[in-house]
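Remarks on the structure that follows.
The values are calculated or read from the model by the stated rules, or taken from the named source; none is laboratory data. Treat the numbers as computed from the prediction; the structure is a model and nothing was measured. Only protein heavy atoms, including side chains, enter the accessible area calculation; ligands, DNA and RNA are left aside. Shrake-Rupley method; radii C 1.70, N 1.55, O 1.52, S 1.80 Å.
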Amino acid sequence: MDFDDVERLARELPTVEEGLRYRHRTWFVAGKGFAWERPFSKADLKRFGAEPVPEGPILALSTADLGEREALLAGNPEAFFTIEHFGNYPAYLIRLGRVTEAALREALFDAWLAVAPRRLVSEHFPELGN
């Protein structure tokens, strides 16, 4: 998977717009970013120390809360991970080169749900309730 796949799958979701935030591709719903390119900063690289730096394109995704993030990380440790910078922030990272299309589609949907207004969720996915 790559960022073109992210774009294709994100655009399957209602009212998604693509733009730039901090010069990186970001996907928004109702003005809120739910997925974004996340290259490692110099500080991130320094924190890895002797550990290998995860390779390939990296995507960051929002979650509803830290509990959801921990469950997602446990469910797909080969592709999903976090870094110190995200310590108490409800988001996680995906190694696009290690994620399946089905897992990426589901992750994008969950991230979309995490930030989309309830009205929008109810309008497009009434089966999810409020």
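Distance between the C-alpha centers of the stretch 1-57 and the stretch 65-89? Whole Å please.
15
Before anything else, pin down the relative contact order of the chain: Cα pairs under 8 Å, at least 6 apart, normalised by residue count, whole percent.
Values: 187 pairs, mean separation 35.1, N = 130.
Normalised by residue count, the contact order of the chain is 27 percent.
Quick one: what are the phi-derived ³J(HN,Hα) couplings along the stretch 81-98, Karplus 6.51/-1.76/1.60 with θ = phi - 60°, whole Hz, x for glycine and proline?
7, 9, 9, 3, 4, 8, x, 10, 10, x, 7, 8, 10, 10, 7, 4, x, 10
Using 0.36 nm per residue of separation minus the Cα-Cα distance, give me the extension gain between Leu73 and Tyr89 in nm, one decimal.
4.4 nm
Mind listing the phi-derived Karplus ³J(HN,Hα) values for the stretch 64-79, rounded to whole Hz, using 6.51, -1.76 and 1.60 with θ = phi - 60°, and x for any glycine or proline?
Per-residue couplings from phi come out as 5, 6, 5, x, 5, 4, 4, 5, 5, 4, 5, x, 8, x, 5, 10 Hz.
If you count only protein heavy atoms and use a 1.4 Å probe, how large is the accessible surface of His124, to the nearest 10 Å²?
Answer for His124: close to 80 Å² accessible.
Taking a probe of 1.4 Å, how large is the accessible area per residue of the stretch 13-130, in Å²?
Per residue, the stretch 13-130 has an accessible area of 57 Å².
Compare Arg11, Arg119, Arg21 by solvent-accessible area with a 1.4 Å probe and give them largest first, with all protein chains kept in place.
Arg119, Arg11, Arg21
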